[in-house]
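Worksheet for the structure shown next.
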Amino acid sequence: MGLVKMPRLLTLDDVDVKGKTVLVRVDFNSPIDPETKRVLDDTRIKAHGTTTIKELAEKGAKVVVLAHQGRPGEPDFTPLKEHAEILGRILGKSVKYVDDVFGEKAQNAIKQLQNGEILVLENVRTFPGERKKASPEEHAKTEFIQKLAPLADLFVNDAFAAAHRAHASIVGFTAVLPSVAGRIMERELKALSRVLENPEKPCVFILGGAKADDSLDISRYVLGNNVADHILTGGVVGHVFLVAKGYDLGKPNMEFLEKKEAMSLVPGIKELMQKYPGKIEVPVDLAVEVDGKRKEILVEELPTEYPIFDIGAETAHKYGEIIRNAKSIVISGPPGVFENEEFCFGTKRILEEIAASNAFSLAGGGHTIAALEKFGLADKISYVSTAGGALIEFLMGKQLPGVVALEKAAERMS
Ligand code: 3PG
């Protein structure tokens with residue numbers, strides 16, 4: 001697969017929104033307390049609220065916010081009433097909310113909006129057709145788009161974090177309304193282009209966490225397109241890469257990989273290691289848990305009867321040197337179980353190295369962000385992405401339907 005070219009989109013700079021009714025799709029999807037159903041973290045609401053939504057309202061648009069929360073049938077599938085309240089608090093102004101997506105209630109609320117007012121509609125996933133994977137043209141035929149589009153002058157997609165979904169509210173409006181990217185969408189794509197399109201070299205990708213299959217696809221893409229000079233592996237990702245190097249990790253760890261169905265990735269990883277010798281680093285030592293305590297072992301001492309929960313000090317030191325020489329750094333997934341005090345060492349050291357570096361650094365994924373916050377390092381990273389799955393797909397070189405739809409709309413509008 002060739003290098004994905006950064007999309008050419010129109011933005012809020014290209015449109016006049018004063019007095020216009022603007023549908024803005026954001027990603028407010030937040031962690032929800034399963035008991036109280038309350039929003040546990042308002043990072044995403046803040047991100048969209050303080051940028052795109054604020055700017056549209058200040059420019060005198062009638063702002064209609066479209067968003068999802070959870071998936072039908074899941075415990076985090078909730079209405080957006082609290083999200084609207086949080087948005088109001090963040091902006092310090094009243095934000096309207098209506099428990100309807102495109103029915104009469106929603107339509108009337110939109111028609112009554114004054115310049116500068118903000119209205120949040122109900123969770124778009126209450127519309128059963130929302131999550132159908134379809135083309136913009138197909139979605140544009142649904143009642144949802146047919147009812148709302150005639151009331152609006154412009155569609156703004158700010159939901160980079162949901163742009164990997166070919167859903168109605170993500171792509172449908174782009175077929176029938178002038179459509180531009182919001183500030184978060186713009187910012188995410190700009191940051192990603194800095195690391196994926198001619199990144200300043202050396203460029204280092206640090207892949208940790210549990211999603212080994214995603215990491216293999218990302219490695220394949222960034223090595224195949226001469227984006228990354230080094231890939232540093234940790235976490236479960238590091239374990240699978242160690243197995244591909246021929247190590248037996250010992251019963252509890254091998255069983256864990258089998259349970260996660262990660263062993264099927266080994267042939268692909270071996271092939272990649274042969275094709276790009278010296279580019280992929282695996283841990284040289286590891287921390288295992290013995291009676292609830294951390295114990296470090298060299299990989300030469302494997303197999304171990306104890307579970308592995310972190311990289312060791314030697315690995316952190318070795319990775320640190322590579323990070324210090326880097327000009328571009330991407331980290332997706334922590335190298336260890338940082339939530340446990342005994343095993344947070346590796347993640348902390350790696351994040352501290354990134355924080356101290358002058359390189360352009362990009363971090364993404366819920367666990368990585370949680371680790372950055374735990375160690376108070378989030379503001380030392382050049383760019384912290386709000387996205388999870390969308391970021392991973394982008395780093396794999398996949399085209400995101402939401403971004404492609406905006407590109408097509410831009411072509412039509414130019
Ligand atoms: C996310 O949180 O990654 C996005 O909001 C997408 O959510 P989804 O995986 O439920 O489509």
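The values are calculated or read from the model by the stated rules, or taken from the named source; none is laboratory data. None of these values were measured; they are calculated from a predicted model. Cβ coordinates were reconstructed from backbone atoms using ideal geometry, including for glycine residues, and neighbour counts include every protein chain displayed. These area figures cover heavy atoms from the full protein model, side chains too; ligands, DNA and RNA do not enter into them. Shrake-Rupley method; radii C 1.70, N 1.55, O 1.52, S 1.80 Å.
Between Y276 and E296, what FRET efficiency comes out of the Förster formula 1/(1 + (r/R0)^6) with R0 = 25 Å and r the beta carbon distance, rounded to 0.05?
0.30
A 26 angstrom limit on the alpha carbon distance is what I want to check against. Which of K81/K105; K81/K398; K18/K93 exceed it?
With Cα atoms farther than 26 Å apart: K81/K398.
Just need the relative contact order of segment 80-164 here, percent rounded to a whole number, with Cα pairs under 8 Å and 6+ apart.
Taking the mean separation of contacting Cα pairs over the length of segment 80-164, I get 26 percent.
Which one of A166, A287, V22 has its Cα pushed farthest toward the positive end of the charge dipole of the chain, where Lys and Arg give +1 and Asp and Glu give -1 at the Cβ?
Comparing the listed Cα positions along the dipole, V22 ranks first.
Write down the Kirkwood hydrodynamic radius of the chain, to one decimal in angstroms, obtained as one divided by the mean of 1/r over all alpha carbon pairs.
Value: 22.5 Å, from the Cα pair sum.
In the chain, if the dipole is taken from +1 on Lys/Arg beta carbons and -1 on Asp/Glu beta carbons about the Cα centre, which of A191, F155, N340 is farthest to the positive end?
Ranked along the dipole, the leading option is F155.
Sorting T315, T36 by accessible area (1.4 Å probe), largest first, what list results?
Values: T315 0, T36 85 Å².
So the residues, ranked largest to smallest area, are T36, T315.
What whole-number distance in Å separates the alpha-carbon centres of segment 67-114 and segment 374-402?
26 Å
Given the options V101, V15, V288, which has the most mean-square fluctuation in a GNM of the chain, springs set between C-alpha atoms less than 10 angstrom apart?
Judging by the Gaussian network model, the answer is V15.
Residue by residue through segment 98-106, what is 3J(HN,Hα) from phi via Karplus (6.51 cos²θ - 1.76 cosθ + 1.60, θ = phi - 60°)? Round to whole Hz and write x for glycine and proline.
Each residue's phi maps through the Karplus curve to give 9, 7, 7, 9, 9, x, 4, 4, 5 Hz.
Most mobile of M254, M396, M185 per a Gaussian network model of the chain (Cα springs, under 10 Å)?
With Cα springs under 10 Å in the chain, the top fluctuation among M254, M396, M185 is at M254.
With each pseudo-label sitting 7 Å past Cα toward Cβ, what's the H317-E258 distance in nm, one decimal?
3.6 nm
Calculated from DSSP H runs of 4 or more alone, at -39500 (n - 2.57) each and per residue, what is the 222 nm mean residue ellipticity of the chain, nearest 500?
Rounded to the nearest 500, it is -10500 deg cm²/dmol.
Express in whole angstrom the spacing between the alpha-carbon centres of segment 301-349 and segment 202-238.
Between the Cα centres of segment 301-349 and segment 202-238 lies a distance of 14 Å.
Round to the nearest 10 and give me the degree value, 0 to 90, for the angle of helix 235-244's Cα axis relative to the longest principal axis of the chain.
50 degrees
Of K141/K211; K46/K348; K270/K374; K132/K408; K62/K132, which pairs sit farther than 30 Å apart, going by alpha carbon to alpha carbon?
From K141/K211; K46/K348; K270/K374; K132/K408; K62/K132, over 30 Å: K141/K211; K270/K374.
Hey, can you grab everything whose amide H is under 5 Å from the amide H of G182? Only 5+ residues off in sequence or another chain; H modelled, so Pro and N-termini drop out.
The list, which skips near neighbours in sequence, is N157, D158.
Per residue of segment 271-286, what does 6.51 cos²θ - 1.76 cosθ + 1.60 with θ = phi - 60° give for ³J(HN,Hα)? Whole Hz please, x for Gly and Pro, Karplus curve as stated.
Values, residue by residue: 4, 5, 5, 5, 6, 10, x, x, 9, 9, 9, 10, x, 9, 8, 9 Hz.
For Cα pairs less than 8 Å apart in space and 6+ apart in sequence, what is the mean separation divided by the residue count of the chain, i.e. the relative contact order in percent?
Working: 869 pairs, mean separation 69.4, N = 414.
17 percent.
What is the sum of charges around G73, taking Lys and Arg as +1, Asp and Glu as -1, for the other residues whose C-beta is under 13 Å from the C-beta of G73?
Surrounding charge for G73 is +1.
If you take every residue apart from D217 with its C-beta less than 14 Å away from the C-beta of D217, what net charge results, scoring Lys and Arg +1 and Asp and Glu -1?
Local charge sum for D217: -1.
Pop out the ³J(HN,Hα) list for segment 363-374 in order, Karplus 6.51 cos²θ - 1.76 cosθ + 1.60 with θ = phi - 60°, rounded to Hz; leave Gly and Pro as x.
Going residue by residue, I get 10, x, x, x, 5, 5, 5, 4, 5, 4, 5, 4 Hz, with x marking Gly and Pro.
I need the P(r) histogram for segment 254-326: all alpha carbon pairs, bin width 10 Å from 0 out to the longest distance, whole percents.
17, 37, 39, 7, 0
How much of the DSSP bridge set in the chain is antiparallel, in percent, rounded to the nearest 5?
20 percent
Starting from the amide H of Y97, placed 1.01 Å from N in the peptide plane, find each other amide H under 5 Å away whose residue is 5 or more places distant or on another chain.
Under 5 Å from the amide H of Y97 lie the amide H atoms of V120, each far enough along the sequence or on another chain.
Give me the net charge for the shell around G268: Cβ to Cβ below 12 angstrom, other residues only, Lys and Arg +1, Asp and Glu -1.
Spelling it out: positives minus negatives among the neighbours equals 0.
Of R187, R349, R8, which has the most accessible area and how do the rest follow, probe 1.4 Å?
Values: R187 115, R349 65, R8 190 Å².
My answer, sorted largest first, is R8, R187, R349.
Can you sort F394, F309 by 1.4 Å-probe accessible area, starting with the largest? List each step's numbers first, then the result.
On the way: F394 10, F309 65 Å².
Largest accessible area first, the residues go F309, F394.
Please state the relative contact order of segment 269-414 as a whole percent: Cα pairs under 8 Å, 6+ residues apart?
16 percent
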